[in-house]
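Data block below; observations after.
The values are calculated or read from the model by the stated rules, or taken from the named source; none is laboratory data. Predicted model, so just to flag it, every value in this text is computed and none were measured. Every residue, glycine among them, receives a Cβ derived from its backbone with ideal geometry; neighbour counts consider all protein chains shown. Accessible surface is based on the protein model in full, side chains and every heavy atom, while ligands, DNA and RNA are left aside. Shrake-Rupley method; radii C 1.70, N 1.55, O 1.52, S 1.80 Å.
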Amino acid sequence: MHARWLTLPLLALAAATSSWAADCPALLQGSLPELRGKEQIDLCQRFAGKPLVVINTASYCGFAPQFEGLEATYKDYREQGLEMLGVPSNDFKQEDADSDKTAKVCYANYGVTFTMTKAQPVRGKDAIPLFVELARQSSAPKWNFYKYVVDRKGKVIGNFSSLTKPDDPAFRAAIDKAIASQP
């Protein structure tokens with residue numbers, strides 16, 4: 001009899017957990033280490049149901065000044081629910097191995113307030129699951145500051161090269177479309 005009392009709550013918890021996981025799109029399965037601090041960013045908990053821009057970044061890339069435009073874009077749209085996730089990567093040999101130096105570039109030099117992770121592989125066989133799914137839905141990043149616009153259901157609705165500036169009308173139109181999407 002006692003086993004039943006334990007089994008029922010565990011079954012309910014398992015059902016709730018699997019339901020939550022089913023509601024989380026493949027793109028957002030998993031977690032990543034935050035750039036500043038020791039916490040993990042649960043991608044589903046933080047971003048599910050929200051329009052999202054994902055950018056692979058690099059501190060020593062010639063496109064690093066785009067941080068300013070990305071921050072301005074984030075500020076322009078965050079009250080409409082837009083989230084932004086910067087993922088530093090050394091895949092193109094332009095990121096520091098020291099996360100503190102990366103954080104200084106992002107936060108002190110460019111005033112970034114959107115979510116940033118510690119450096120991660122974003123291409124090839126070592127790519128993290130987020131970028132594997134971004135590539136599956138569109139294409140792998142061809143260089144640093146490749147931008148993905150994702151709708152509220154976790155579907156890529158636009159991907160943009162490093163040459164696309166954050167104030168580009170097509171990039172902004174994709175963000176508007178992501179914000180207008182239904183969860």
Item to check | One residue from Lys93, Lys75 being among the basic types (Lys, Arg), at pLDDT 95 or above, open to solvent by 70 Å² or more (accessible area, probe 1.4 Å) and over 24 Å from Gly124 (Cβ atoms) | outcome: Lys75
Checklist entry - Among the candidates Gln120, Gln182, Gln137, which residue alone is modelled with pLDDT under 95 and open to solvent by 10 Å² or more (accessible area, probe 1.4 Å)? => result Gln182
Next on the checklist: I need the full set of residues from the range 64-86 which are touching a Phe, Trp or Tyr at 6+ places or on another chain (Cβ under 6 Å), of a type in the set (Asp, Glu) and in contact (Cβ under 8 Å) with a residue 40 or more places away in the chain, in order please.
Outcome noted: Glu68
Checklist outcome for this item: Among the residues of the range 31-49, the number that are at pLDDT 95 or above and among the acidic types (Asp, Glu) is 2
Item to check | Ala103 vs. criteria of a type in the set (A, V, I, L, M, F, W, C), out of contact with any His (no Cβ under 6 Å at 6 or more places or on another chain), in a helix (DSSP H, G or I) and open to solvent by 50 Å² or more (accessible area, probe 1.4 Å) | outcome: no
